[in-house]
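The values are calculated or read from the model by the stated rules, or taken from the named source; none is laboratory data. Note that the structure is a prediction, hence the values are computed from the model and not measured. Heads up, the Cβs are rebuilt from the backbone with ideal geometry, glycines too, and the neighbour counts pull from every protein chain shown. The area values use the complete protein model at the heavy-atom level, side chains included, leaving out ligands, DNA and RNA. Shrake-Rupley method; radii C 1.70, N 1.55, O 1.52, S 1.80 Å.
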Amino acid sequence: MAMADMRPPIESGCPDGFQYMHPAMRRNFGLWKYHTDPRPGVLCHVAESGETVYTVKAGTQRILDLFSLRELTSIGDEFADGFIRFTIRSNIEYTVSDEAKVEPLIKALEDKGYVVGGTRNSITTLSHTQGWLHCDIPGTDASGVVKSMMDEFIDEFKSWNMPNRVHLTTSCCQINCGGQGDIAINVQHTKPPKIDHSQVSNVCERPSVVARCPVAAIRPALVDGKPSLEVDEKKCICCGACFPPCPPMMINDAEHSKLAVWVGGNHSNARGKPTFQKLVASAIPNNPPRWPEATAIVKLILKCYKEDARDWERVGEWVERIGWPRFFELTGLPFTKYHIDNWRGARASLNASTHIRF
Ligand code: SF4
Ligand code: SF4
């Protein structure tokens, strides 16, 4: 094919967000004077120009069905000049420049069963990763965990009772996206993968999977005269990183893929440094459809945080102030050997670069 006939590349990526912004937001972009919180779920921004803009936030699921989306956009057409936006935690927000429309908009949302809230010192919507719908490696149904937990925390979404904002997250595998929040509920594999040797030569990228193991526990091997793999189970840390490039390394398991709760993560560096979360409860049953054991632990941590934290302390800041021993005393969660990180191989063996290995 001649160069002239080749299809030019299409530059894709995020479109310019300004075209989707409510005109009042566009007009006053970067020119805000102050904002107030008239009630849970509503923000009022006042611009230098004197213009006042209201934002109404409602909890919505991350993966929206067409019916709900049409319903939500119709509400936007009626009350918010046809503009909506979704927050990073998948809540829908409407912008209203006329105060008289705020209460009717809230009523329209509540009449359809949506819950208005999630601002200031509330529990915002638990965010989750893609799960069964998009991804090939989940060990749990992240959306199901979110639904069961948010059913329990709905009053905290609608009110301002927490010491500060609480971000909850759940992540359906142990290694890839998501899973960092004030409190995170993440998958925890507790057994090394079982290898289906009959499939390895068909669907396994063997060089990639050998390179991907963070502790070098995977070796090429001949099994029944065919090229396959073997795992040194003494080294394996059950991370599950081998499963995506090599599905025959089956790590998901109804009994041994558990959940773990981590506390104190923070992406933001606005007031302090970003922080890593720490494991506080491990080997919790991955128990659909309501995950009662994991929910009970998260509720317990939130109860202690609510009773003991100072105003405007985030969960991680609260634990840093009182210390981890006191955290375990207050919550009554057992401190076990699994909470101690004794893995010292990271610096030498962790695949920390983006170079392709063969
Ligand atoms: S957390 Fe893991 S399993 Fe879940 S969507 Fe992300 S990569 Fe896939
Ligand atoms: S689970 Fe993790 S540590 Fe174990 S073999 Fe697979 S990649 Fe290596």
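How do the pairs read when you match residues in segment 172-183 that are open to solvent by less than 20 Å² (accessible area, probe 1.4 Å) with residues anywhere that are in a loop (DSSP other than H, G, I, E, B) and within 16 Å of ligand 2 (Cβ to nearest atom), using Cβ under 7 Å and keeping only pairs 6 or more apart or on different chains?
172/138; 172/139; 173/137; 173/138; 173/139; 173/240
For segment 169-204, which residues satisfy the criterion of being within 12 Å of ligand 1 (Cβ to nearest atom), in contact with a strand residue (DSSP E or B) (Cβ under 7 Å, 6 or more places away or on another chain) and over 15 Å from residue 141 (Cα atoms)?
Answer for segment 169-204, where residues must be within 12 Å of ligand 1 (Cβ to nearest atom), in contact with a strand residue (DSSP E or B) (Cβ under 7 Å, 6 or more places away or on another chain) and over 15 Å from residue 141 (Cα atoms): just 180.
Hey, among 71, 110, 78, which residue is open to solvent by 30 Å² or more (accessible area, probe 1.4 Å), part of a helix (DSSP H, G or I) and within 17 Å of residue 158 (Cα to Cα)?
110
With a cut-off of at least 1 residues that are of a type in the set (Phe, Trp, Tyr), name the helices (runs of 4 or more DSSP H) lying wholly within segment 136-242.
Correct list: 142-157.
Name every residue in segment 223-282 that is acidic (Asp, Glu), touching a residue at least 12 places away in the same chain (Cβ under 8 Å) and closer than 30 Å to residue 167 by Cα, in order of residue number.
Once the filter is applied, which keeps residues that are acidic (Asp, Glu), touching a residue at least 12 places away in the same chain (Cβ under 8 Å) and closer than 30 Å to residue 167 by Cα, segment 223-282 yields only 253.
Quick one: which residue in 34, 94 is part of a strand (DSSP E or B), open to solvent by 70 Å² or more (accessible area, probe 1.4 Å) and among the aromatic types (Phe, Trp, Tyr)?
34
Among the numbered criteria (1) out of contact with any Leu (no Cβ under 9 Å at 6 or more places or on another chain); (2) within 24 Å of residue 155 (Cα to Cα); (3) without any contact (Cβ under 8 Å) to a residue 60 or more places away in the chain, which one does residue 307 miss?
Just one mismatch for residue 307, condition (1).
For a quick check of your reading of the model, give me the residue pairs whose first member lies in segment 58-75 and is farther than 24 Å from residue 123 by Cβ, whose second is hydrophobic (A, V, I, L, M, F, W, C), with beta-carbon atoms closer than 8 Å and at least 6 apart or on different chains.
Within 8 Å, the pairs are 73/84.
Could you tell me whether residue 300 is surrounded by fewer than 20 Cβ atoms within 10 Å (Cβ to Cβ), in contact with a helix residue (DSSP H, G or I) (Cβ under 7 Å, 6 or more places away or on another chain) and at pLDDT below 95?
No: the conditions fail for residue 300.
Tally time: how many residues in segment 63-99 are over 20 Å from residue 53 (Cβ atoms) and among the aromatic types (Phe, Trp, Tyr)?
Number satisfying all stated conditions: 1.
Take the residues in segment 121-135 that are in a loop (DSSP other than H, G, I, E, B) and in contact (Cβ under 8 Å) with a residue 24 or more places away in the chain; name whichever of them is nearest to the chain's Cα centre (by Cα).
129
Please find, within segment 81-91, the residue that is modelled with the lowest pLDDT out of those that are open to solvent by less than 60 Å² (accessible area, probe 1.4 Å) and either over 30 Å from residue 305 (Cβ atoms) or polar (S, T, N, Q) (or both).
Across segment 81-91, the extreme among qualifying residues is 90.
Select from segment 243-272 the residues that are closer than 29 Å to residue 299 by Cβ and in a strand (DSSP E or B) and list them in ascending order.
Residues satisfying the conditions are 257, 258, 259, 260, 261, 262, 263, 266.
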